[in-house]
Amino acid sequence: MGFFDFMTEDIAIDLGTANTLIIHNDKVVIDSPSIVARDRISGKIIAVGKEANLMQGKTHENIKTIRPLKDGVIADFDASEKMISMFIKSIPALKKKMFTPALRMVVCIPSGITEVEMRAVKESCERVNGKEVYLIHEPMAAAIGIGIDIMQPKGNMIVDIGGGTTEIAVIALGGIVCDKSVKIAGDVFTNDIVYYMRTQHNLFVGESTAEKIKIQIGAAIEDLETPPEDMSVQGRDLLTGKPKQVDVSYREIAKALDKSIQRIEDAVMETLSQTPPELAADIYNTGIYLAGGGSMLRGLDKRISQKTDLPVYIAEDPLRAVVRGTGMALKNIGKFKSILIK
């Protein structure tokens, strides 16, 4: 085993619909959008991550940008495998190696995922030289990343709002007691904004622009204490066909996102209603933890708090909470053996 150990590298991957993060040697070495650009004629992947992201919505017919993951699961097996492989090859510490080392990986997956989808993730990893591949459920990883001691006989509630799915789970004794996975998350918010701009301003904006709007002035409530400034948005006028610019306020975005946020609230309420009474008592004291990029929506914590009458906390660096937890699980494989899926 000694020589083999020397040859093996440990990596933790958060394979997200919107972003892929990789931890190697306790450092986040990859933090890139989950997107690849493929040359239609040769079929080669010409760009991946940030580079491919800049091409999104600006391609001609010979280039296609693909997001290999949809709703948290692999939609395009070939593209996802190439993407993972290119990310792993671009890890600085592994570049120096003469040949690709064997990898021991922990990868996180949504909790509402089917057997087949799980196998797709596993096989993708095995084909990029993963010798030992462990899977961990996303809410679990998020909880570990937030710093909750998940092995305690105590209930904690996690709401992880990612790009493709929102994962809601009540965790105790190192297991998920009740969970709900809804396909309303960052991507849906972005589409809501595109739709709103079309219907309210007759302005056709692309996904990248809508995402910028979401990040810069996105909000979940219409009366924020420290509101962001209005934003100028450029796009195509649907009536004249000319490019035009419109000023948009955060209040409008709160209106645009209201229905989707309501559905997330409903899912939280439903999960709470399925929670065993002893754990509900714990959650009354510990509150709800938010993780994932969606938790950075201004005023979302306040809104969920008003709906549930519980304290709501946002994880520090919510975008990286899941990968941090995945990395910790990788470091203490012995301790977390029970929650890893082999």
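The values are calculated or read from the model by the stated rules, or taken from the named source; none is laboratory data. Everything quoted here is computed from the prediction, not taken from an experiment. All Cβ positions, even for glycine, are placed from backbone atoms using ideal geometry, and neighbour counts span all protein chains on display. Please note that ligands, DNA and RNA were not included when accessible areas were found on the heavy atoms of the full protein model with its side chains. Shrake-Rupley method; radii C 1.70, N 1.55, O 1.52, S 1.80 Å.
Among the protein heavy atoms, those of SER90 account for about 50 Å² of accessible surface (1.4 Å probe, every chain in place). Taking all protein chains together and a 1.4 Å probe, the residues TYR313, TYR284 rank TYR284, TYR313 from largest to smallest accessible area. Whole-Hz Karplus values for the range 313-322 come out as 10, 9, 4, 6, 6, x, 5, 10, 4, 5 Hz, taken residue by residue from phi with 6.51 cos²θ - 1.76 cosθ + 1.60 and θ = phi - 60°; glycine and proline positions read x. Lysine pairs in the range 21-80 whose alpha-carbon atoms fall under 24 angstrom of each other, counting only those eight or more residues apart or on distinct chains, come to 8.
Once you reduce the range 48-114 and the range 239-264 to the center of their Cα atoms, the two points are 31 Å from each other. Divided by 2.2 N^0.38 Å, where N counts the residues, the Cα radius of gyration of the range 186-256 comes to 1.04. Within straight-line reach of LYS131, meaning a Cα separation under 12 Å, sit the following aspartates and glutamates at least 8 residues removed in sequence or on another chain: ASP5, GLU9, ASP10, GLU123. Applying both filters, DSSP loop and at most 13 other Cβ atoms within 10 Å, to the GluC sites (Glu not before Pro) of the range 1-81 gives GLU61. Close amide H contacts of LEU173 (hydrogens built in the peptide plane, cut-off under 5 Å, sequence separation of 5 or more or a different chain): GLN152, LYS154. Spin-label model, SER232 to ARG127: label points 7 Å out along the Cα-to-beta-carbon direction sit 4.7 nm apart. Here the Gaussian network model covers the chain, with springs between Cα atoms less than 10 Å apart; of LEU300, LEU319, LEU203, LEU203 fluctuates the most. Taking only protein heavy atoms and a 1.4 Å probe, the accessible area of the chain is 51% carbon and sulfur. Rounded to whole numbers, the Karplus 3J(HN,Hα) couplings from phi for the range 89-95 are 5, 8, 6, x, 5, 8, 5 Hz, using 6.51 cos²θ - 1.76 cosθ + 1.60 with θ = phi - 60°, and x at Gly and Pro. Considering the chain as a Gaussian network with a 10 Å cut-off on Cα pairs, which listed residue, GLY325, GLY147, GLY155, attains the greatest mean-square fluctuation? Comparing GLY325, GLY147, GLY155 in the GNM, the peak value goes to GLY147. Across the range 99-110, rounded Karplus estimates of 3J(HN,Hα) from the backbone phi angles (6.51 cos²θ - 1.76 cosθ + 1.60, θ = phi - 60°) give 10, 4, x, 5, 10, 10, 10, 10, 10, 9, 10, x Hz, Gly and Pro being marked x.
Summed over the residues of the chain and divided among them, the accessible surface reaches 48 Å² per residue at a probe radius of 1.4 Å.
Of the listed residues LYS122, LYS307, the order by accessible area with a 1.4 Å probe, largest first, is LYS307, LYS122.
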